[in-house]
Structures are given as structure tokens and as C-alpha cells.
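Right, one structure below, let's go through it.
Please treat every number below as a calculation from the coordinates, not as lab data. Small disclaimer: the values here were computed from a predicted structure and weren't measured. As a convention, Cβ positions derive from the backbone with ideal geometry for all residues, glycine included, and neighbour counts pool all protein chains shown.
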Amino acid sequence: MKIAATLISFAVALIASLVLTIPVRLLALRFGMVDHPGPRKVHVKPMPLLGGIAIYLAFVLAILLTVRKEPLVQIVAILAGASLVAIVGFLDDGGLLHHQVKLFIGMPMAAVILIVSGIRAQFFSAFDPGTAGTVLDIGLTIFWTVGVTAAFSILDHMDGLCAGIAAVAAGFYTLTAIHGGQTMVGGLAAAVMGAALGFLRWNFNPAKIFMGDGGAMFLGFLMATLGLKIRPEGAQFPVTWFVPILILGVPVFDTTLISISRSRRGLIPFTSPGKDHTAHRLSNMGLGHRGAVLVLYLFALLSGALSQLVSRVSLQSACAIVAVLVLFGLLGVFFLEGVPFERQVKLAKPSSAV
């Protein structure tokens with residue numbers, strides 16, 4: 001019965017997202033909400049934004065129709081936090097907010113909403129169950145939520161990339177939740193997967209609509225929240241943290257790459273837009289836009305599969321696997337730094353598209 005509810009959540013979100021994207025696209029065109037081509041972008045013609053509205057509505061509809069007998073306070077908090085970052089993102093898409101508002105106000109406020117409802121990291125409290133551990137965990141919750149939300153915001157730079165990676169990650173969150181008997185988390189993750197896949201039908205290369213920053217931030221916030229909620233069955237600390245990090249392996253790697261790369265060139269990572277992301281570099285290696293996205297899908301599947309593996313092996317084996325992955329990740333950063341890409345030579349004018 002619990003699995004059936006998860007499947008229903010997925011199906012409702014999938015169908016709703018597929019259908020709602022059509023009128024949302026027409027709405028964006030009607031009101032001129034389009035993303036124009038530019039030197040820092042890969043599309044060559046104006047593209048309607050606001051696709052995130054379809055993702056948002058599909059997710060909310062699935063949750064309202066399927067979630068029953070769950071912690072109401074936490075459900076309301078998740079919806080409130082997700083709505084906040086989505087609204088901030090949509091306002092940013094329309095040029096109505098300074099780009100730093102989303103990073104330094106919107107995302108932290110959404111994290112605080114989670115904390116107030118009882119959703120927070122449990123890392124430092126494993127070492128110190130007292131006040132100090134709690135305070136540090138609150139700080140980690142804000143850092144994690146802002147970091148993952150921002151990672152998905154900057155991941156939305158190529159057709160189908162953000163939606164596809166979110167769908168894969170949500171799929172592994174769903175599997176982990178079902179295996180661990182977490183009904184609410186499974187329903188939430190399934191709804192995200194359905195909403196992202198439904199939108200992907202219209203967003204995969206060649207895209208007919210973009211999700212905009214509102215949609216990307218919405219997905220990122222939900223990915224961060226699911227990471228805080230997921231409890232892999234039988235996993236020991238710190239494996240409980242390895243699992244969500246591996247599930248989000250691609251956005252974590254991409255954010256690490258551009259943070260290191262831009263910092264080395266004297267740039268501020270999150271305010272210096274450019275074609276220097278992982279997908280851009282893979283595309284420049286001859287894979288093209290579609291090939292680069294498909295390769296990152298593959299990496300997301302492999303990283304997600306490893307998340308399932310580390311939760312089922314001994315603690316020592318899990319730590320060894322993660323250590324090897326960190327080494328390969330650093331080697332990957334070193335290799336991709338040698339791949340041709342567009343190098344910004346000075347601090348770029350602040351922009352919401354990073």
C-alpha cells in the first residue's frame with residue numbers, strides 16, 4: 001500500500017507536469033518572459049521561461065492528493081520553504097530582484113523554515129549531543145540547504161541538464177526511502193521525480209521551454225530537504241551522510257569544479273557567469289550539448305548506484321569507496337581544467353544566470 005501511494009504520487013506529478021508545461025509556455029510567450037541569447041549562454045534564440053511553474057504546480061498537486069497521516073508541520077514547512085525559493089527565483093527571472101537576494105536572503109530563510117519545523121542536519125550532534133552540537137548542526141543545515149539549492153540553480157545551463165539530474169537523484173532518494181520504510185520521504189521524492197521527468201519532455205535538447213531560476217531553485221531546495229530527511233536503513237554514521245552526497249554527485253562535482261576553477265582565476269564563483277561548467281567542457285571535447293548532458297546523466301546514475309552500495313557494505317568499505325571517489329573527483333577537476341573552455345578574465349557584471 002505504501003509503494004502504491006508512492007507510485008500514485010509519481011504518476012500524478014508526471015502527468016500534471018507534462019500537461020501544465022504547455023499552457024505555461026504560452027503564458028511566458030504572451031507576457032514576454034523569455035531568456036534572450038547572449039555570449040554566456042548556449043541557446044541561439046529567445047526561449048520562454050517560467051517552466052518551473054509547471055514543475056511547482058505538479059509537485060504540490062501530487063503531495064496534496066497523496067500525502068496522508070504524515071507530520072503536518074514538516075509537510076507545511078517543506079512546501080513553504082520550497083514556495084519561498086521558487087517565488088524568489090521567479091522574481092529574479094523577471095529582473096525584479098538583485099541576484100544576491102536569492103543567495104543571501106531567500107535560500108537561508110527557506111533553510112530556517114526547515115529548522116523551525118524540526119528538519120535539520122544531525123552531524124555534529126553525533127559527536128556532541130549538547131547545545132554546541134545542536135548549534136553547529138543548525139549552521140550545517142543552512143550551509144547544506146543554501147549550497148545544494150545554489151548548485152541546482154547554476155546547474156541549469158544546458159537543455160535538459162537540471163531536470164534530468166534532479167529526476168535521477170529523486171529516483172535514488174525514492175529507492176532509499178522505500179527500502180528504509182520512509183513513506184513521506186518516498187512520496188516527496190517520487191513527486192519530484194515525476195514533476196522533473198514530465199518537464200524534461202519539453203526541456204530536453206532542443207528545448208522548447210526553460211524552467212528558469214525559480215524552477216531550478218525549487219528542485220534544488222527539495223533535493224537538499226530530501227538529503228536532510230533520508231535515513232538509509234541499517235547505515236551507520238557517517239554513511240548516512242555519504243548517501244545523499246553521492247545521490248547528488250553531479251551537482252556537487254560541478255559546483256566544486258567551477259568554485260576551484262573560478263577562484264584560481266580571481267573570480268567569485270557564484271557571481272561570475274560563464275561557459276566553464278562541466279557540461280560546457282564535455283561539450284567542447286566533441287560530445288556536443290546533447291552528448292555532454294547524456295554523459296552527466298550516466299555519471300548521475302553511477303553515483304546514485306554507489307549511494308546504494310555504500311549503505312549496504314561495512315563502514316570501513318564505505319569509507320574506502322568514498323575516499324577513492326574523492327580522489328577520482330579531484331583528478332576529474334584537474335583533467336577538466338585542461339580542457340578548452342571560455343575563460344573569464346575579469347569579474348563579470350553581476351547576473352542571475354550563473
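The helix-only estimate of mean residue ellipticity at 222 nm for the chain, built from DSSP H runs of length n ≥ 4 each weighted as -39500 (n - 2.57), is -23000 deg cm²/dmol after division by the residue total. For the range 84-154, the direction-averaged projected area of the alpha-carbon convex hull comes to 4.9 nm².
Percent of Cα pairs in the chain per distance bin of 10 Å, from zero to the largest separation: 6, 26, 37, 25, 7, 0. Residue 11 to residue 324: FRET efficiency via 1/(1 + (r/R0)^6), r the Cβ-Cβ distance, R0 30 Å, to the nearest 0.05? E(calc), rounded to 0.05, equals 0.20. Per residue, the Cα convex hull of the range 134-283 amounts to 120 Å³. Less than 5 angstrom separates the built amide H of residue 34 from those of 49, all sequence-distant by 5 or more or on a different chain. If the chain linking residue 136 and residue 27 were pulled fully straight, counting 0.36 nm for each residue of separation and taking away their Cα-Cα distance, it would gain 34.8 nm.
For the chain, a Gaussian network of Cα nodes joined below 10 Å ranks 175, 72, 228 by mean-square fluctuation, and the top entry is 72. Among residues other than residue 247 with Cβ under 14 Å from its Cβ, the summed charge is +2 (Lys and Arg +1, Asp and Glu -1). Normalised by residue number, the volume inside the convex hull of the Cα atoms of the range 249-349 is 97 Å³ per residue.
The modelled label-to-label distance for the pair residue 236/residue 335, using points 7 Å beyond Cα in the direction of Cβ, is 3.3 nm. Working from label points 7 Å from Cα in the Cα-to-Cβ sense, the residue 72 to residue 287 distance is 4.7 nm.
Springs join every pair of Cα atoms under 10 Å in this Gaussian network model of the chain, and among 17, 83, 153 the largest mean-square fluctuation is at 83. Checking every one of the chymotrypsin sites (Phe, Trp or Tyr not before Pro) in the range 138-179 against DSSP loop status and a limit of 13 other Cβ atoms within 10 Å picks out no site at all.
Across q = 0.14, 0.23 Å⁻¹, the range 122-193 modelled as identical point scatterers on its alpha-carbon atoms has Debye log10 I(q)/I(0) values of -0.63, -0.98, in the order of the q list. The share of C-alpha pairs in the range 203-274 whose separation exceeds 21 Å stands at 48 percent. Principal axis extents of the Cα atoms in the range 1-157, from largest to smallest and rounded to whole angstrom, are 55, 43, 22. If you count Lys pairs in the chain whose Cα atoms are under 20 Å apart, skipping same-chain pairs closer than 8 places in sequence, the total is 12. Close amide H contacts of residue 275 (hydrogens built in the peptide plane, cut-off under 5 Å, sequence separation of 5 or more or a different chain): 342.
Other residues within the sphere of radius under 15 Å centred on the Cβ of residue 285, judged by their own Cβ, net out at 0 (K and R +1, D and E -1). With the convex hull of the Cα atoms taken as the outline of the range 192-245, the averaged projected area works out to 4.6 nm².
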